[in-house]
Amino acid sequence: MNASSDRGNRGVVAVVGATGRQGTAVVRHLLQDGWHVRALTRNPSSAAALELHAQDAGVQRADTEDMRSLLSAFDGAYGVFNAQNPMTSSTDAEIRQGHNVAEAAARAGVKHVVYGAAGVGDYETGVGSWDSKLVVAQRFRELGLPLTVLRPMAFMELMTDKSYYPQLSTWHIMPKLMGPERPVGWLCLDDLGAIAARAFADPGKWVGKTLSLASDIQSMEQCRTLWEERTGRRPRAFPMPVSLFERFVGTDLTTMWRWLRNHQFDMSTQATREILPGALSVREWMSGFDKAGFDRLNHR
Ligand SMILES: NC(=O)c1ccc[n+]([C@@H]2O[C@H](COP(=O)([O-])OP(=O)(O)OC[C@H]3O[C@@H](n4cnc5c(N)ncnc54)[C@H](OP(=O)(O)O)[C@@H]3O)[C@@H](O)[C@H]2O)c1
C-alpha cells in the first residue's frame, strides 16, 4: 500500500509556489497530515518538482499568469495555499498573480485559502512587498473566500540559506540599516509549513484570522551571540555598500529595514504558540545545524 492510498478522506489542497521555500514545507506537512496535495509549478520536470512527486504529492503544471491553468489546478480542490515572491518578479507581478489566484479560487469554489503573506500590520507602510500583500489579501476577502493570513516577519533561514538575496546581507546590511539591537520576530520555514497545515485542519478556528507569526524575538546581535555559542565562531558577514546591494536587489529590503529601525509595532509569539506550541526558538533551530556546514537544517 503506498502513502497516497492511506490518505483517508481528507480532500485536495493545491499549493501555489510548491517548489519554493514556504511551499516545500507546506507540502511536507500537508502530506504528513493526510491531505492529497496538488503541488503547482511552472516546470513539473524540475528537480524540486520531481522531489515533491517522490514524496507523493501530485505535481501539476500551473502558471499564476495563466488563468486557465489555475482553474484546472483548483478544480475540485478543498483548499489553496498561496505564496508569491516579488523578489523574483516584482510587486506589480505579485499583485497581478495574487489576484489571478483569488479569482480562480473563487470560480473553483475553494473552501479555504491559507495565504503566506508578510508584514507588520493591516496598514500601509510604504514597504512594497508588505503593502502588496494587503492588496492581495483584500482581493481574497472581496471575493468571499474563507481566508487565513499567515504573516511571518523573518524566516530563520535568512541567516543560512545562500539562495536568499538577503543572506548576503543578513549579518551586515540588515543590522546596519535596522540597528543591531532592534527586535526581530523569527520563524523557521518548517514551522510555517506546520502552521499552514494546522490552519487547514481546523477552519472553524482559523478562517477569518490573520496570524502575525514569530516563534522567537531576538535582535541580530542576540542571533550573532547564539550563532557564536553554537558554532564557536562569528557568522561571516558580507560587507557591501548599501548602494551596491540596492543595485543588485532593488530598494524593497533596504526600505523595509529602515522602516523597522524607525517604527514601533506589535510583535509577539502568542499567535504562533497558540497554533504551534512547539515552534522552535532561534536557539533550538540552530541546534539542528550540521556542525560542519552550519547551513543545513535538519527538518523535524
Ligand atoms: N524572507 C523572509 O524572511 C520572509 C518573511 C516573511 C514572508 N516572506 C515572503 O515569502 C515570499 C516568498 O516565498 P518563498 O521564499 O517560498 O518563495 P520562493 O522560494 O521564491 O518560491 C516561489 C515559488 O513560486 C513559483 N512561481 C514563481 N512564479 C510563478 C508563476 N508565474 N506561476 C506559478 N508559480 C510561480 C516558483 O516555482 P516554479 O519555478 O517551480 O514555478 C517558486 O518555487 C515573499 O512574498 C516574501 O515577502 C519572506
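Going from the fewest other Cβ atoms within 10 Å to the most, the residues 174, 240 appear in the order 240, 174.
Here the dipole of the range 158-294 is about 320 debye; that uses its Cα centre as origin and unit charges on the Cβ of Lys and Arg (positive) and Asp and Glu (negative).
Counting only DSSP beta bridges with both residues in the chain, the antiparallel share comes to about 15 percent. When the Cα positions of 219, 204, 193 are compared along the charge dipole of the range 185-225, 204 comes out farthest toward the positive end, with charges on each C-beta of Lys, Arg, Asp and Glu.
What FRET efficiency would be calculated for the residue pair residue 202, residue 284, taking the C-beta separation as r and a Förster radius of 25 Å, to the nearest 0.05? Mind dumping the intermediate values first?
Numbers: r = 25 Å, r/R0 = 0.98.
Rounded to the nearest 0.05, the efficiency is 0.55.
Let's test the formula: R0 of 35 Å, r as the Cβ-Cβ distance of residue 233 and residue 47. What FRET efficiency results, to the nearest 0.05?
Efficiency, rounded to the nearest 0.05: 0.65.
Within the shell defined by Cβ-Cβ distances under 9 Å, the residues around residue 118 carry a net charge of +2, with Lys and Arg each +1 and Asp and Glu each -1.
With K and R counted +1 and D and E -1, the other residues having a Cβ less than 15 Å from that of residue 174 yield a net charge of 0.
Taking the C-alpha atoms only, the angle from helix 128-142 to the longest principal axis of the chain is near 20 degrees.
Averaging the sequence gap over all C-alpha pairs within less than 8 Å and six or more residues apart, then dividing by the number of residues, gives the range 3-286 a relative contact order of 17 percent.
Multiplying the sequence separation of residue 61 and residue 143 by 0.36 nm and subtracting their Cα-Cα distance, what value in nm do you get? It would help to have the intermediate numbers written out before the result.
Details: separation 82, 0.36 × 82 = 29.52 nm, distance 2.46 nm.
Gain on extension, residue 61 to residue 143, equals 27.1 nm.
When only the Cβ of Lys, Arg, Asp and Glu is charged (+1, +1, -1, -1), the dipole of the chain relative to its Cα centre reaches about 240 debye. Can you tell me the orientation of helix 189-201 relative to the chain, as the angle in degrees between its alpha-carbon axis and the longest Cα principal axis, to the nearest 10? Approximately 30 degrees, to the nearest 10.
Put in line by how crowded their Cβ is, counting other Cβ atoms within 10 Å and starting with the fewest, 70, 143 read 143, 70. The loop-placed GluC sites (Glu not before Pro) in the range 105-164, going by DSSP, that have at most 11 neighbouring Cβ atoms within 10 Å of their Cβ come out as 124. Seen through its C-alpha gyration tensor, with square-root eigenvalues sorted a ≥ b ≥ c, the range 225-277 comes out oblate because a/c lies at 1.5 or above while a/b is not bigger than b/c.
Extension gain for the segment residue 32 to residue 244, taken as residue separation times 0.36 nm less the Cα-Cα distance, is 72.0 nm to one decimal.
Taking Cα atoms only, the orientation of helix 220-231 departs from the longest principal axis of the chain by about 90 degrees.
In debye to the nearest 20, how big a dipole does the range 179-221 give about its Cα centre with +1 on each Lys and Arg Cβ and -1 on each Asp and Glu Cβ? Intermediate values should be presented prior to the final figure.
On the way: 4 positive and 6 negative charges, 61 e Å.
I would put it at about 300 debye.
Between the listed residues 184, 115, 136, the Cα displaced farthest toward the positive end of the dipole of the range 114-202, a dipole computed from Cβ unit charges relative to the Cα centre, is found at 136.
Annotation note: chymotrypsin sites (Phe, Trp or Tyr not before Pro) in the range 90-185 located in DSSP loop regions with a Cβ neighbour count of at most 16 within 10 Å are 123, 164. For residue 267, put the label point 7 Å out on the Cα→Cβ axis and report which residues of the range 226-250 keep their amide N under 19 Å from it. Residues passing the 19 Å test: 226-228. Relative to one another, the C-alpha centroids of the range 270-289 and the range 174-204 are positioned 9 Å apart.
Assuming 0.36 nm per residue, please report the length gained on full extension of the stretch residue 88 to residue 75 beyond their Cα-Cα distance. Intermediate values should be presented prior to the final figure.
Working: separation 13, 0.36 × 13 = 4.68 nm, distance 2.73 nm.
Here the segment from residue 88 to residue 75 would lengthen by 2.0 nm.
Counting lysine pairs in the chain whose alpha carbons fall under 19 angstrom apart, excluding pairs fewer than 8 residues apart on the same chain, gives 4.
Each value in this text was obtained by applying a stated rule to the coordinates, not by laboratory testing. No experiment lies behind these values; they were computed from the predicted model shown. No Cβ is skipped: glycine too gets one built from the backbone with ideal geometry, and neighbour counts run over all protein chains shown.
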